[in-house]
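Below is one structure, written out as C-alpha cells, with a few remarks after it.
The values are calculated or read from the model by the stated rules, or taken from the named source; none is laboratory data. Every value quoted in this text rests on a predicted model; they were computed, and no experiment measured them. Cβ sites come from the backbone with ideal geometry, for glycine too, and all protein chains shown count toward neighbours. Heads up: the accessible areas ignore ligands, DNA and RNA and are worked out on the full protein's heavy atoms, side chains in. Shrake-Rupley method; radii C 1.70, N 1.55, O 1.52, S 1.80 Å.
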Amino acid sequence: WETVRLPHDWVTSMDFDESASPNHGYKGRGCGWYRMKFLLEEKDRDKQILLEFEGVTAETKIYVNGSMVKYQRYTYNSFVIDITDIVNFGAIPNIIAVFVDAGGWEGWWYEGAGIYRNVWLYKKEAVHVAHNGIFVKPVKQSENVWNTEITIEIENTFLQEQEAEVWVQLFSPEKTCIAEQNLRIQAEGMAMREVKVNLPVECPQLWDIEEAVCYEAKVTVRQSGGGEDFAIVPYGYRSIRMDADTGFWLNGRNIKLKGTCNHHDHTGVGAAVPYTVKEYRVRKLLELGANAYRCAHNPDPEILEICDRVGMMVMNENRTFSTDEQTIEEVRQIVRESRNHPSVILYSVFNEEPWQGSGKGKRLAARLQHTIKTMDDTRPVLGAFNGGIMEENGAAGALEVVGINYNPGGL
C-alpha cells in the first residue's frame, strides 16, 4: 500500500508505454485497490450514515466491513451509498475497500484511473433532509414579485415515527434572511415524505452572466425528541427560454450562446483536477469571450458551483445513453445536483450515439427526457447529434432541443 490523497488518478504516475492507447496518453491503466480505516462514535449509532463518491473511473466495487455495498459500471456520474446498517460504532473500526478495474474504457479520450473526484461521509439525524432533497424553483409572478417554490424531501431512517419541525429560510447575497416559514410534520418510520413551501420575494437581484447573484435556501429539521439536521443550497432568480427562431433568452434578453466543450482532464494531473485548476480554466474561458460551458459527458458538481459564482452558463450532460435502472438513477442524480444551480440552463441526455437516428434512440431519448422533466421542468433537454438528425423516427423527434456537432455548413 502507498498513501494517496483524493482526488487521485494513478495513470499520471505510470511510465509511458508505446503499446498503450494513444487516446490515454500512451499509458496503461490496469486495476487498483483503495482502503481506508476509520471510527464512528457511539453517538452516531442513531444517525443515517452515507458515502458519496463524485467520480470513480472505471468499473468499481465498493466494500464496507467486508460486504460489497455498491457495484458501479460507469465512470462519470456521482453516486451515494447508504451504509447505516453495516457500519460499526465505538472502538470497532470500519474499513472501506474500493476495487477499481480500469482495464477497459468508455470513451475515446483520456479517462484516467482511480477515485478521481471527492468522497464525502455524511452523518444525519434520524429525521433529516434527504440527500440532495431540496428543489428551489423561483417563478416570476409580476415585474417585481417572484414566488420561491421549494420542495423538500424529509426522510426518517429508522422505524420510530417522530414529530418534527421544518424551518425554511431564504437568505440574500448579503446573508440576510428575507423570508421564512415554519411547519410541523409527522415523519413516519423508514419513509420519505415531501413538503412544499412557497415564499414570495419582492424585487430580487437577478442572476446573470454580467452579475452572478446567488441566494441561499436553508432547511432545518428539528426532531421533537432532540436532534437537528440542516441543508443549505444555492439558487438564483433568473428566467430562461429557448425559441426556435431567435435562440436563447436570459432574463428577457436574447443572448448568443458562445460555449466550449470541456472534458474532465488537465495536463499534469490527469482526471484528478484540483478545484483551483477548474476555476482557473473557467475564468480563462470567460476572458476568451465564452459565456457557456458544456460538461462534455462528465457532470461535475464543483464546476456548477464555480459557474454559479462567476456567471458562466452550463449544459450538464449525461454520458450513458441507456434506460437501464442504474443509468436512470444516475440521471436523477445529475438532476438533483443541477436543479438548484442558476448557471445550469440545459440538460443533455447523450452524445453522438449510434442509435441517435433510430426508433430505438427515439424511445431512449424520450424516456431520459421524461425522467428529467419529472424532477425539473424548468430547463430544456437536448441530445448532441453527429448524424441522424433528419431521420423521421430518430431521437431528434423526441427532444426539446437538438445539438448539432461538426456540421457548421448545414445538414
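When segment 200-227 is examined, which residues are found to be surrounded by fewer than 19 Cβ atoms within 10 Å (Cβ to Cβ), under 20 Å from Trp167 (Cα atoms) and at pLDDT 95 or above?
Listed by number, the residues that qualify are Pro200, Val201, Glu216, Lys218, Thr220.
Can you go through Gly28, Gly104 and tell me which one is surrounded by 14 or more Cβ atoms within 10 Å (Cβ to Cβ) and modelled with pLDDT under 95? Step through it out loud before you land on a result.
Details: Gly104 fails: surrounded by 14 or more Cβ atoms within 10 Å (Cβ to Cβ).
From the options Gly28, Gly104, the qualifying one is Gly28.
For the structure I just gave you, tell me whether Cys295 is open to solvent by 60 Å² or more (accessible area, probe 1.4 Å), more than 30 Å from Glu165 (Cβ to Cβ) and either under 23 Å from the mean Cα position of the chain (by Cα) or not aromatic (Phe, Trp, Tyr) (or both).
Working: open to solvent by 60 Å² or more (accessible area, probe 1.4 Å): no; more than 30 Å from Glu165 (Cβ to Cβ): yes; either under 23 Å from the mean Cα position of the chain (by Cα) or not aromatic (Phe, Trp, Tyr) (or both): yes.
Criteria not met by Cys295.
Going residue by residue through segment 292-299, is there one that turns out to be outside any strand (DSSP E or B), at pLDDT 95 or above and hydrophobic (A, V, I, L, M, F, W, C)?
No, the conditions are met nowhere in segment 292-299.
Taking segment 348-377 as the search range and keeping residues that are farther than 30 Å from Arg238 by Cβ and not in a loop (DSSP other than H, G, I, E, B), which one is most open to solvent (accessible area, probe 1.4 Å)?
Arg363
Out of the strands (runs of 3 or more DSSP E) lying entirely within segment 1-87, which hold 1 or more residues that are over 24 Å from the mean Cα position of the chain (by Cα) and within 18 Å of Ala272 (Cβ to Cβ)?
Values: elements: 31-38, 48-53, 59-64, 67-72, 79-82.
Output list reads 31-38.
Please go through segment 378-411 and give me each residue that is open to solvent by 80 Å² or more (accessible area, probe 1.4 Å), under 20 Å from Cys295 (Cα atoms) and free of Cβ contacts under 8 Å to residues at least 60 places away in the same chain, ordered by number.
Looking only at segment 378-411, we keep the residues that are open to solvent by 80 Å² or more (accessible area, probe 1.4 Å), and these are 390-393, 400, 404, 406, 408-409, 411.
Okay, now just the ones that are also under 20 Å from Cys295 (Cα atoms), so 400, 404, 406.
Ile404, Tyr406 - these are the residues of segment 378-411 that are open to solvent by 80 Å² or more (accessible area, probe 1.4 Å), under 20 Å from Cys295 (Cα atoms) and free of Cβ contacts under 8 Å to residues at least 60 places away in the same chain.
Report every pair of residues separated by at least 6 positions or lying on different chains whose Cβ atoms are under 6 Å apart, first residue within segment 299-321 and of a type in the set (Ser, Thr, Tyr), second open to solvent by less than 10 Å² (accessible area, probe 1.4 Å).
Final answer for the pair search is Thr320/Thr327.
Mind listing whichever residues of segment 389-411 are within 29 Å of the chain's Cα centre (by Cα) and over 23 Å from Ile345 (Cα atoms)? Walk me through it before giving the result.
Step one: filter segment 389-411 for residues within 29 Å of the chain's Cα centre (by Cα), giving 389, 394-406.
Gly394 - this is the single residue of segment 389-411 that is within 29 Å of the chain's Cα centre (by Cα) and over 23 Å from Ile345 (Cα atoms).
Which of the following residues is crowded, with 22+ Cβ neighbours inside 10 Å and under 30 Å from Val221 (Cβ atoms): Asn94, Asn77, Asn88?
On the way: Asn94 fails: crowded, with 22+ Cβ neighbours inside 10 Å; Asn88 fails: crowded, with 22+ Cβ neighbours inside 10 Å.
Checking each option against the conditions leaves just Asn77.
Can you tell me which of (1) touching a Phe, Trp or Tyr at 6+ places or on another chain (Cβ under 8 Å); (2) crowded, with 18+ Cβ neighbours inside 10 Å; (3) within 30 Å of Glu161 (Cα to Cα) is the one Ala187 doesn't meet?
Here Ala187 clears every test but (1).
If I filter segment 146-196 down to residues being among the hydroxyl-bearing types (Ser, Thr, Tyr) and in a strand (DSSP E or B), which single residue comes out as farthest from the chain's Cα centre (by Cα)? First the steps, then the outcome.
First, the residues of segment 146-196 that are among the hydroxyl-bearing types (Ser, Thr, Tyr): 148, 151, 157, 172, 176.
Retained after the next criterion (residues that are in a strand (DSSP E or B)): 148, 151.
On the way: Thr148: 22, Thr151: 18 Å.
The residue in question is Thr148.
Taking Glu52 as the residue in question, decide whether it is exposed (fewer than 15 other Cβ atoms within 10 Å of the Cβ) and out of contact with any Lys or Arg (no Cβ under 9 Å at 6 or more places or on another chain). Can you show your working first?
Numbers: exposed (fewer than 15 other Cβ atoms within 10 Å of the Cβ): no; out of contact with any Lys or Arg (no Cβ under 9 Å at 6 or more places or on another chain): yes.
No: the conditions fail for Glu52.
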